[in-house]
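Structure record follows, encoded as structure tokens.
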Amino acid sequence: MQTASLLPGETCVTNLNFLTLKQVVPYNQLMRDIAKKEKPSFEQESDASSKIFVARQPIFRRNGQVFGYELLFRSGLDNFFDQSLDGDQATSKVITNTFSIGINKITGGKKAFINFSGEMLVHEYPSVFPPSITVAEVLETVKVTPRVLAACKNLVRRQYTLALDDFFFSEEFRPLIELARIIKYDVRAMTLEQLRRDLKKVGNYKIKLLAEKVETIEEYEILKKMGFSLFQGYYFSKPKIVQGRDIPGSKIQYLKIISVLQDENYNFQKIAKLISHDVSLSYKLLRYVNSAAMHRRQDVTSTQSALALLGEDTLRKWLSLIMLSYVADDKPQEILRSAFMRARFCEQIGEKLGKGRKFALGCYTVGMFSLLDVLLDQPMEEILAQLNLSQDITATLTGDISTPYAYILKMTIAYERGEWDEAIRLAAGIRDISSYLPLFYENALDELGKIYTPL
């Protein structure tokens, strides 16, 4: 369980106005909430209405590397449509939950973009987070009052990054433009011509332009030419199909190895032999086992010892990710992270359903392979035709919504994107599953940090 102590670089806010604000959780109560928060076990009955759902959406640089993550929040799937929950309450719960889970776990040390209302800016809520990784997003509904402006100046003076969310230029916002480091444009909310006109008005300021809701590679290329340097959206999760190009045989072989690993009766000794005869795999295995994430007191120096320490289940996951990284050697690393997160999230839902280990492994495979078309720039049907996967898995990955795995994959993607209304609809069909989704997501983040970091 996380303690209530602050992370290095964080500061305790003592502003009296902050402590007496009625619309948000007072600071002392915030810390008590965090101290009391415990992770539920599968055996415990969970109250879905008390769970806080946090997902993250990556924000990319021009080179495809992750700059940071926007934290997406709901206080539970069942109250998605609860109009009584205002922005201040929502953000306060993001803060409580983020402290409990650990902000570094959620963002991997990258920038954390969090929405703040005018009142929360005035009462210095961003100060709960370290300035080195916090981007305070000023909502488009904020009125630029003297108090808001003074609060933003104070944040900038203390080295916080200020971003203007869903921006449309108006003279009212000019004082904030002068303070901001990032301006976010919702590219679906305006035409390209409107966007160009707006960009001219902010062109003389030293700011980064962030394009939000970018959905295709074509849009991404156009926006890069317009001067955007940061991008948020689903364009990296959709394939750019390249016709007339064969998939290299080595990549097909890697995928076949992954598919073999998903068999609950796979030959551990055969896989161990494969690793021990491959210098690169042996090196990566030893590097992984001796990494800080594994918390070993003494270094492991032999492949055989490393394999014995890992065990079959962890080896399966680690080797699957290694093979997928070979397939994705020319793609943004965030796609690999997404594939692993989906795999573990799907697998945990499968385990909770109690349909046996084979079904849970099938869920893992569906999640892991759900981005193959993006990784290989080929139609999913053509890729799967070269692999010996089960009929249900193949059907799910090619869009069949009637398979046992389909709703699990759809629920996973909905949660990943913070599409809570869709997550509600899908979770409603599975008894008690909604209350476990935050735990599944946190577990997946945990394993991602342990397995992915050394790669």
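Nothing in this text is a laboratory measurement; each read-out follows from the coordinates by a stated rule. Every value quoted in this text rests on a predicted model; they were computed, and no experiment measured them. No Cβ is skipped: glycine too gets one built from the backbone with ideal geometry, and neighbour counts run over all protein chains shown.
In this structure, the residue pairs whose Cα-Cα separation is over 30 Å, taken from K111/K284; K153/K331; K153/K225; K256/K352; K143/K206; K201/K240, are K153/K331; K153/K225; K201/K240.
Among F369, F340, the order by Cβ neighbours within 10 angstrom, fewest to most, reads F340, F369. Against the empirical 2.2 N^0.38 Å (N residues), segment 190-339 has a Cα radius of gyration ratio of 1.49. Over all other residues within a Cβ to Cβ distance under 9 Å of A414, the charged ones net out to -1, with Lys and Arg as +1 and Asp and Glu as -1. Principal axis extents of the C-alpha atoms in segment 249-452 (largest first, rounded to whole Å): 50, 38, 32.
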